[in-house]
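Participant: Following this message is one structure expressed as structure tokens.
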Amino acid sequence: MTARLCVAPARLTPGPLRLDGDDHAYLFRVRRLAVGDPVQLFDGAGREAPSVAVEIGPGHAVLEVGAVAARPPLAPTITVLQAVLTGERMDWCLEKLVEVGVDGIVPVETARTVVHLDDERRARRQARHQRIAAEAARQCGRADVPPVAPARRLADALAAVTAGVRLVADPGVDHPLLAAAPADATTVALLIGPEGGLTADEVERAQAAGFVAVSLGATVLRAETAGFAAAFALRAARAVRAVHGGPGAVGDAERSPEFRGFAPGGDPAV
């Protein structure tokens, strides 16, 4: 598999590119690349370019960068408001959200959130979360790195939402996710609760902010998998519609067992 490396947007230009420090160590000590090996570069903002190693020294190396191209963004734009989770669950959750292609992640503190941070720890946690997102983008082949916001109170997160379609996962309803997301939606916000779920009051506050309570399927998902599943369903449904009759069409794939409870025509969700 071709090695990938994220570089600052200003540095991603055709021609020679000098590398040192951590970038040099990763490519030529960890990956053990040699002269002539390819490296796929991306800038974290949606642009990418092929390159090849042309010079390797003990402390620096030079890549020859080819033509730079912008990768078209996926539709719709998806922002996940993810309740802060404990320990490695949050790390895993962030990684999978990046892999499935979400465009932004907002950690939120809810009534049942176990971890509450002061300002200093919140800043450190955000920096760590952003590093996880960057690493996940590099591993999964994205050309962009979705921003991970500082953790904030649920009320503040709700007030900042601008998405046209707003959905809150609620295992107590039977309204399928895809029935609430128009085929031509351009921006979607997903609110996912913590271990133990959102309280009834929090769901009501989300609904007052324009969110629609939706089911994520016939089973109750864990807090760290719900956002991934919802984002995947939205991405997959858009692809299915493109094949089966264009916007708004619900094809056979959406009625398959994998989509039960997500789309109209599937089994009722619990």
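Participant: Hey, rough spin-label estimate for A25 and D201, points 7 angstrom out along Cα→Cβ, what's it come to in nanometres?
Facilitator: Going from the A25 label point to the D201 one covers 4.8 nm.
Participant: Continuing with this model, one more query. How big is region 21-145 along each principal axis, measuring the range of its Cα positions in Å and listing the largest first?
Facilitator: Principal axes ranked by extent give 55, 35, 21 Å for the Cα atoms.
Participant: Tell me the Rg and the Dmax, in Å, that the Cα atoms of the chain produce.
Facilitator: Spelled out, the Cα radius of gyration and Dmax of the chain are 20.7, 62 Å.
Participant: Compare the Cα positions of G59, V240, G21 along the charge dipole of the chain (+1 at Cβ of Lys, Arg; -1 at Cβ of Asp, Glu; about the Cα centre) and return the one farthest towards the positive end.
Facilitator: It is G59, whose Cα lies furthest towards the positive end.
Participant: I'd like the antiparallel share, as a percent to the nearest 5, of DSSP beta bridges with both residues in the chain. Don't skip to the answer; put the middle values down first.
Facilitator: Values: 19 of 46 bridges.
Restricted to the chain, the bridges split so that about 40 percent are antiparallel.
Participant: Continuing with the same structure: Obtain the nm distance between the two label points defined at A123 and E55 by a simple spin-label model: each point lies 7 Å from its Cα along the Cα-to-C-beta direction.
Facilitator: Label at A123, label at E55, 3.9 nm between them.
Participant: Only helices at least 27 Å long along their own axis, judged from Cα atoms, and with Kyte-Doolittle mean hydropathy of 0.5 or greater: name those in the chain from DSSP H. Write down the numbers at each step before the final one.
Facilitator: Numbers: long enough: 119-140 (31 Å, -1.72); 223-243 (31 Å, 0.84).
Taking the DSSP H segments of the chain (at least 27 Å long, mean hydropathy at least 0.5), we get 223-243.
Read-outs throughout are calculated quantities, based only on the coordinates presented, and are distinct from any laboratory measurement. Note that the structure is a prediction, hence the values are computed from the model and not measured. Neighbour counts are summed over all protein chains in view; Cβ atoms, including those assigned to glycine, are modelled from backbone coordinates with ideal geometry.
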